1. Round to a whole number: what % of the accessible area of segment B:1-75 belongs to carbon and sulfur, probe 1.4 Å?
2. List the residues of segment A:156-182 whose accessible area drops by at least 20 Å² when all protein chains are present, compared with their chain alone, using a 1.4 Å probe and counting only protein heavy atoms.
3. Show which lysines lie in cross-link reach of A:Lys142 when reach means a straight Cα distance below 18 angstrom and same-chain residues fewer than eight apart are skipped.
4. Over both sides of the B-A contact, add up the buried accessible area with a 1.4 Å probe and give it to the nearest 100 Å².
5. Enumerate by residue number the trypsin sites (Lys or Arg not before Pro) in segment A:130-194 meeting two conditions: DSSP loop (anything except H, G, I, E, B), and at most 16 other Cβ atoms within 10 Å of the site's Cβ.
6. Got a sec? Which residues of segment B:17-62 lose 50 Å² or more of accessible surface with every protein chain in place, vs. that chain alone, 1.4 Å probe?
7. Which of the residues in segment B:84-124 show a loss of at least 10 Å² in accessible area from their chain by itself to the complete set of protein chains, at a probe of 1.4 Å?
8. Per residue, how large is the accessible surface of segment B:77-221? Use a 1.4 angstrom probe and give square angstrom.
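The values are calculated or read from the model by the stated rules, or taken from the named source; none is laboratory data. Predicted model, so just to flag it, every value in this text is computed and none were measured. Note that we place each Cβ from the backbone using ideal geometry, even for glycine, and neighbour counts take in every protein chain shown. Heavy atoms of the whole protein, side chains included, go into the accessibility calculation; ligands, DNA and RNA do not. Shrake-Rupley method; radii C 1.70, N 1.55, O 1.52, S 1.80 Å.
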Number of protein chains: 2
Amino acid sequence: MARVLVTGANGFVGRQVVEQLAAAGHEVHAACGRQTLEGRALAGVHQVDLLEPGTPSALIETVRPTRLLHLAWCAKPGVYWTSPENIAWVRATLELLEVFQRTGGEQAVLVGSCAEYEWSGEGVCREYETPLQPATPYGRCKNATRELVELFGQLHGIPLAWARIFHAYGPYEAPGRLVPAVLAALLKGEPARCSHGEQLRDLLHVADVAAALVQLMHSNADGAFNIGGGQPIRLREVIEYLARQLNAEHLLQFGAIPVAANDPPLLIADNQRLLATGWQPRFDLHSGLDDALAWWRGRI
Amino acid sequence: MARVLVTGANGFVGRQVVEQLAAAGHEVHAACGRQTLEGRALAGVHQVDLLEPGTPSALIETVRPTRLLHLAWCAKPGVYWTSPENIAWVRATLELLEVFQRTGGEQAVLVGSCAEYEWSGEGVCREYETPLQPATPYGRCKNATRELVELFGQLHGIPLAWARIFHAYGPYEAPGRLVPAVLAALLKGEPARCSHGEQLRDLLHVADVAAALVQLMHSNADGAFNIGGGQPIRLREVIEYLARQLNAEHLLQFGAIPVAANDPPLLIADNQRLLATGWQPRFDLHSGLDDALAWWRGRI
C-alpha cells in the first residue's frame, strides 16, 4: 500500500479518486482548496492554496507521499477556458513535481485534457499521433505542462502518467454542463433547450474516469493516456435517454441553442493505451446515466 | 527613467545590461545568484536564489520594478543543455512574471535562445516562420516558457519581449566556448585544436546583445525578436583573424576536433524585427574580436 497525495481531492473527479484509493487500502492524503472534505477514511486532509509559491513544497515535505495524483487546476465553468490562472497552475504543478521527486516520490499521475489535441482533424485522438495543437489558453497550458512533465520524467527517470480526460459526467458535475443542465430542466418540468445534438463525444462516468487514474497509479504507468470509453456517443442519444427515463420527451427543444463554430462534429479517445493497463469501465452509457439521474434527482 | 529589475545581473550578458541601463540613467536593481556585483552605480544589489519558491515574489515586492529584464537561467557550460534545472527556471520565470504584472509592472524583456528553432531547416531563422522544434532540454524549456510568456502577455494585455540570443562573444564569456578557448591556447603559445571551422554562425559582441535587450525595453517591444547581426560568419574566419592578430597562425589545427552530428552548417538570425526597433550594432566582427582579444589578453 502506498502513501498517496491527491490534489483537487474535493473536485468532481478527485472525490471519486480519494474514495477508490481509500477503499483499496492506501494511506490517502487529500489536498483541498477552499472547501474541505468530510466523512471519509483519510490519513489527512490538507486545506491549502497550491498557487501560493512555496505551499506545494511545504505540503509535500509534510506528507512525504510516494505517489502523487495531481488533479487540482482551475475548473470554474465559463472561466477556466481563458483564465490567466491556468498559467499559475503550470507553475504550481512544476513546484509540486520537483519537490515530490526530490523527496523520493516514485510515480505520479497528472491530469491533462482532450483540449490539448487539434480538434479540426479526423476526430479520433491518438496519444502519439494526433497533433497537439490546443486552441484555448486552458489547452495551451495543459499542453505546455505535458511537455515539461514529459521532459521532467525523462531527465529524472521517474514514470509520470499524463491522463487526458475527455468528457466525464456523474455526481458533483458542474451545474452548467450538459447532463446536469438537461436534468435540471427536465426534473423541474421546464423546457430543455439543446443544440442539434448531433455531435459525437466520448462520455465516461466520473467513477470510471477516477478508476482509470487509479489504474495508472497501480500499473506504474508512464506517458500520455487518453481517458475515455473509446465509443462515439451522439449527444442526442444521451439527452433522449434521460428524457425517456423521466417521461419528459416533450420538453426537449433540439436546435434551440446554436453550436459554437469550433465545436467539432466528432471528438473521441482512442483508448488502446488505457485498456492495455487493465482498466475496464464499470458503467455502460445507460447504467452510467441512470446513476447520474439518481444522484441529481435528490438534489434538484 | 524607469525602475528596472535585472536578473542574472552578474552573468555574461547581464553585466553589460546593468552597465548600459545605469549609464542611461535608470534606477537599476540587480539580482544576482551566488556572486555579487560590485563597482557600479546601482540602486540595489539583491543576492537571491530565484529557484527557491517564493523568492521571486519577495524580490518583486521589495523592488516594485516597472520594468523587468529577466536574464537568469542555468548557464553552466557543458551542463545547461540537459540539466533538469531548466525546468525549475520555467517555474521561477512564471512566478517572477506573475508578481511583476500583479504589482504594476509595465513591460518585460525575457531571454530565449536560437535553440528553440528547428536546426535542420534552411538555417536562416525567422521569428514567426521557422518551426519551433527544439532538440535539447534547454531549448524545450526555453520554448515552453516562450509559449507561456506569449499567452501571459495576451491574457493580461502587457507587452513582453522574447529575445532569442544567437551567439554572443566578448568579456566574461565562459572559458570553454569558441573565442575564449582559441584565445587561451594562442595566448599561451599552445596549439589551438579546432573543428573544420566551415560552420556559418551569427556572432555578435555581447555589448551589442545587451544593447538589443535594452532597446527592446526602451521601445516597449512585444513578441519574439532574434538577437543577432544577421550576417553569416564562417567560424574559420573568426579563428584565423584572432590568430593573425597574435601572429600565431602556425598554432591553428583545423579538423582536430570532430563536428557534432547535430551541428548545422548554417544557423543565423533574420534580424529585421530587431532592426525595426532602432537597434544598430556598435561593433563589426573585427572591432568586436579586437575588444575581446584585449580583454582576454590581460586575463589569460
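1. Looking at segment B:1-75 in its full context, I get 46 percent from C and S.
2. A:His156
3. Correct list for A:Lys142: A:Lys76, B:Lys142.
4. The contact between A and B buries close to 2200 Å².
5. Here the trypsin sites (Lys or Arg not before Pro) that fit, given the DSSP loop and packing criteria, are A:Arg177, A:Lys188.
6. SASA drop of 50 Å² or more in segment B:17-62: B:Pro53.
7. B:Pro84, B:Ile87, B:Ala88, B:Val90, B:Arg91, B:Leu94, B:Glu95, B:Glu98
8. 33 Å²
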